[in-house]
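Enquirer: One structure is given below, represented as structure tokens, and several questions about it will come after.
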Amino acid sequence: MNVKKLPTTMIEVDLETGEETVHAITMDLLPPPADCCQVCGARHDERAPHNQQSLYYQTAFHADHGRAPTWEDAMEHCSEEVKKITISVLEENGVDWRKEAS
């Protein structure tokens with residue numbers, strides 16, 4: 001099993017004094033099921049974009065890149081034809097696919 005270690009912090013609060021201590025820790029992100037895309041955790045054709053809204057994809061991508069994934073990131077591996085179709089569908093549904101990741 002390919003478990004991804006994600007760096008994060010934990011705040012310990014002394015209940016008597018209210019003093020906070022920050023500890024560096026890691027949490028484990030379990031891989032998606034074997035029949036799902038191992039990048040985004042969704043079921044899709046390998047030629048299709050990753051599911052940019054998948055919680056797994058957002059978490060894993062942020063851990064690797066320090067930012068949220070954009071639709072452009074999700075389409076990066078796609079052919080120009082698939083990108084055009086995806087952009088058309090996103091725009092028809094009012095999605096600002098060019099929006100910067102936060």
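Please treat every number below as a calculation from the coordinates, not as lab data. All figures in this text were calculated on a predicted structure; none of them were measured in a lab. Quick reminder, even Gly has a Cβ in these numbers, built from the backbone with ideal geometry, and neighbours come from all protein chains shown.
Enquirer: Eigenvalues of the Cα gyration tensor times 5, then square-rooted: what semi-axes does that give for the chain, in whole angstrom, largest first?
Expert: Equivalent ellipsoid of the chain: 35, 17, 10 Å, largest first.
Enquirer: Starting from the Cα of LEU30, step 7 Å along the direction of its Cβ; do the same at HIS65; then give the gap between the two resulting points in nm.
Expert: It works out to 2.6 nm between the two label points.
Enquirer: At ILE11 and ASP45, where each label point lies 7 Å from the Cα along Cα→Cβ, what is the point-to-point distance in nanometres?
Expert: 4.7 nm
Enquirer: Here is a further query. Looking only at the range 49-72, which residues have a backbone nitrogen under 13 Å from a spot 7 Å from the Cα of VAL89 in the C-beta direction?
Expert: Zone members listed by number: 49-53.
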